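The values are calculated or read from the model by the stated rules, or taken from the named source; none is laboratory data. Because the structure is predicted, anything quoted here is derived from the model rather than measured. Here Cβ is always computed from backbone atoms with ideal geometry, including for glycine, and neighbour counts include all displayed protein chains.
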Amino acid sequence: MSIYLIDAPIAISYGLQDENMDDYTREYHQLGQADDGELSKWLQSIKSKGEANDSDPVLLNLMIELHRKIDNLEKMMKQEEPKRVSLPFYGDISRIGFEHFEFLTTELEPEKLYYGRLDMPTYPKRDVGIFFEAVTPLLAKIIKIHDKDQRAWNLYVRSRERVLIRESKEAKS
């Protein structure tokens, strides 16, 4: 079995799935719906009515993101932290692929299922919940991830590939 992995440093918090399954599932669904707030619903509504046809989609999305950032700043000032499940382990991912990722150092138990929360290094930054299975003490296979998060993950894999190709070409010059 050949697994395609490329260098990509990402931090992840995780825990064994059977320890707090209900809490992990609840957080997974909350993280998956995090972008489905009132602003997103409003944007979808005006798009479906055709009211956004004359608007620049990039500018519209940037305005929505700016509004979200202001909301987040307001929550920080009021010290309203988003409630996250406490995950017992923290690790660094060293390499990623479309369906797998590899830890830099850790001791996963092969064939055990885990829940993890990672901070996707994409725009906009957000926490991503994933369920994964340990293949080896270092290698994990993604079992469950939301569709939009899967697209972001795949885009990140491709962008890391481009960066590594560019770096290898520059090194040869």
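Being small (Gly, Ala, Ser), modelled with pLDDT of 90 or more and either surrounded by fewer than 18 Cβ atoms within 10 Å (Cβ to Cβ) or in a loop (DSSP other than H, G, I, E, B) (or both) is the filter here; which residues of segment 1-22 pass it?
Pass one, segment 1-22, residues small (Gly, Ala, Ser): 2, 8, 11, 13, 15.
From what's left, modelled with pLDDT of 90 or more: 8, 11, 13, 15.
11, the sole residue that qualifies.
When only residues in segment 33-78 that are closer than 21 Å to residue 146 by Cβ and among the small types (Gly, Ala, Ser) count, which is modelled with the highest pLDDT? Going through the qualifying residues, I end up with 40.
Return the residues of segment 103-117 that are buried (at least 20 other Cβ atoms within 10 Å of the Cβ) and of a type outside the set (Ser, Thr, Tyr); say none if nothing qualifies. Of everything in segment 103-117, those that are buried (at least 20 other Cβ atoms within 10 Å of the Cβ) and of a type outside the set (Ser, Thr, Tyr) turn out to be 103, 108, 116, 117. Quick check: anything in segment 51-60 under 22 Å from the mean Cα position of the chain (by Cα) and closer than 26 Å to residue 154 by Cβ? Yes. Check segment 127-135 and report whether any residue there is aromatic (Phe, Trp, Tyr), modelled with pLDDT of 90 or more and farther than 19 Å from residue 94 by Cβ. Yes: segment 127-135 contains one or more residues that are aromatic (Phe, Trp, Tyr), modelled with pLDDT of 90 or more and farther than 19 Å from residue 94 by Cβ.
Go through the residues of segment 154-168 one by one and say whether even a single one is under 30 Å from residue 18 (Cα atoms), assigned by TED's automatic domain parsing to the domain that holds residue 12, surrounded by 13 or more Cβ atoms within 10 Å (Cβ to Cβ) and not polar (S, T, N, Q). Yes: one or more hits.
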